[in-house]
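First the structure, in the form of structure tokens, and then the observations on it.
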Amino acid sequence: MITLFLIIIIFAYLSYRKAFYSSPKRKENIRSIPTSEPYAKGRPIMLGLIDEMESIPFEQVYIKSFDGLELTARYYHIADGAPLQIQCHGYRGTAIRDFCGGNKLARDLGHNTLVIDQRAHGKSEGKTICFGIKEKYDCLAWANYAAKRFGDVPIVLSGVSMGAATVLMASELDLPENVRCIIADCPFSSPEETIANECKKMGIPPVIGMPFVRLGARIFGRLKLSGGAEEAVKNTKVPILLIHGEADRYVPCEMSRKIYSANPEMITLETFPDAAHGISYITDPERYAEISRRFMENCGIE
């Protein structure tokens, strides 16, 4: 019995390390871009956008999370009183890489941006990645910070991948009144579903792997896997734009379709036929810009 218990705990810990753990001594490379075929064409474009974003002056800002972590972000100022976009990057991603295109678009529109390091990423504290479960409260904290600092300027919550799921999960919270809309690029429908999907890719049946994942998250990450974007958007108070690449092999486009179906009256869904995960903007920047601009205009943001 003791041996069985130890085996269960070991597998739970290994699951936690694989899915959730992020070393406090992490060193992230903002120029790390997948080398696989879907990304090869866009790689020079992305590297150019990263270098451009790195060359722009910014202010490093800090807040405290609800559970005492120091969180940080870069604030890029374009104009006093301009709309503000709060930009949330993806799982084990970096703010500069994941939003090199989205930040370029925001700057072209004349918007100020708050480009955050999610907990357990970049310069923000934390060692457990929570797949949006706790990050949604961090997003709320950043929105409250922005509303207090910048006053009644229109705020857009935007995210890519896990960051997209984060802003969607935050949509059901008591956001400041000047949060006008949400733009979510390639979100997953729920933490459970996306982790189960990764289990399948590794050849592990979810019925076997997920109990260890849940237990590892609970014991070592103090995290209960529950809820998700699909459930949260049913209670959103702001309009949502979903963007997803149909060639996405990491987070299937079907997940955005499920999210859309949960509240079609408040959600607009746009898909990009040839786009892989997180590179719809790189694949077709003109269409991406037009869709985003038109959506924000309909929400009263110019």
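Just for the chain, what percent of DSSP beta bridges are antiparallel, to the closest 5?
Bridges in the chain are about 30 percent antiparallel.
Where Lys and Arg each count +1 and Asp and Glu each count -1, what net charge lies around Ile33 among other residues with Cβ under 9 Å from its Cβ? Present the calculation step by step, with values, prior to reporting the outcome.
Values: positive: Arg31, Arg43, Arg97; negative: none.
That sum, taken over residues with Cβ under 9 Å, equals +3.
Among Gly163, Pro191, Ile282, which residue has its Cα furthest toward the positive end of the charge dipole of the chain, with +1 on Lys/Arg Cβ and -1 on Asp/Glu Cβ?
Pro191
Pick out, from Gly122, Ser55, Ile7, the residue whose Cα sits farthest towards the positive end of the charge dipole of the range 1-130, with +1 on the Cβ of Lys and Arg and -1 on the Cβ of Asp and Glu.
Ile7
Treating only the Cβ atoms of Lys and Arg (+1) and Asp and Glu (-1) as charged, compute the dipole magnitude of the range 240-300 about its Cα centre; round to the nearest 20 debye.
Details: 6 positive and 10 negative charges, 31 e Å.
Rounded to the nearest 20 debye, it is 160 debye.
Among the lysines, which have Cα under 19 Å from the Cα of Lys237 when same-chain residues fewer than 8 positions away are ignored?
Lys136, Lys258
Through the Karplus equation 6.51 cos²θ - 1.76 cosθ + 1.60, θ set to phi - 60°, convert the phi angles of the range 194-203 into ³J(HN,Hα) values in whole Hz; use x for Gly and Pro.
Once θ is set to phi - 60°, the couplings for the range 194-203 become 6, 5, 4, 5, 5, 4, 4, 4, 8, x Hz.
With Rg/Rh (Cα atoms, Kirkwood Rh) as the read-out, I listed (1) 0.96; (2) 1.35; (3) 1.08; which label goes with the value calculated from this structure?
Label of the calculated value: (1).
So how do Cys299, Cys88, Cys130 line up by other beta-carbon neighbours within 10 Å, fewest first?
Values: Cys299 18, Cys88 33, Cys130 24.
Exposure proxy ranking, most exposed first: Cys299, Cys130, Cys88.
Which cross-chain or sequence-distant (5 or more) residues have an amide H under 5 Å from the amide H of Gly126, H modelled 1.01 Å from N in plane?
Result for Gly126 returns Ala120.
Running a GNM on the chain with Cα contacts under 10 Å, which residue among Arg107, Arg249, Arg74 ends up with the highest mean-square fluctuation?
With Cα springs under 10 Å in the chain, the top fluctuation among Arg107, Arg249, Arg74 is at Arg249.
Classify the range 1-152 from the C-alpha gyration tensor, please: rounded if a/c falls under 1.5, else prolate or oblate depending on whether a/b exceeds b/c.
Values: a/c = 2.92, a/b = 1.48, b/c = 1.97.
It comes out oblate by the Cα gyration axes.
Using 1/(1 + (r/R0)^6) with R0 = 25 angstrom and r between the beta carbons of Lys148 and Asn298, what's the FRET efficiency to the nearest 0.05? Numbers along the way, then the final one.
Values: r = 27 Å, r/R0 = 1.08.
About 0.40, to the nearest 0.05.
Laboratory data are not the source of any read-out in this text; all were calculated from the coordinates shown. Worth saying up front: this structure is predicted, and the values here are computed from it rather than measured. Heads up, the Cβs are rebuilt from the backbone with ideal geometry, glycines too, and the neighbour counts pull from every protein chain shown.
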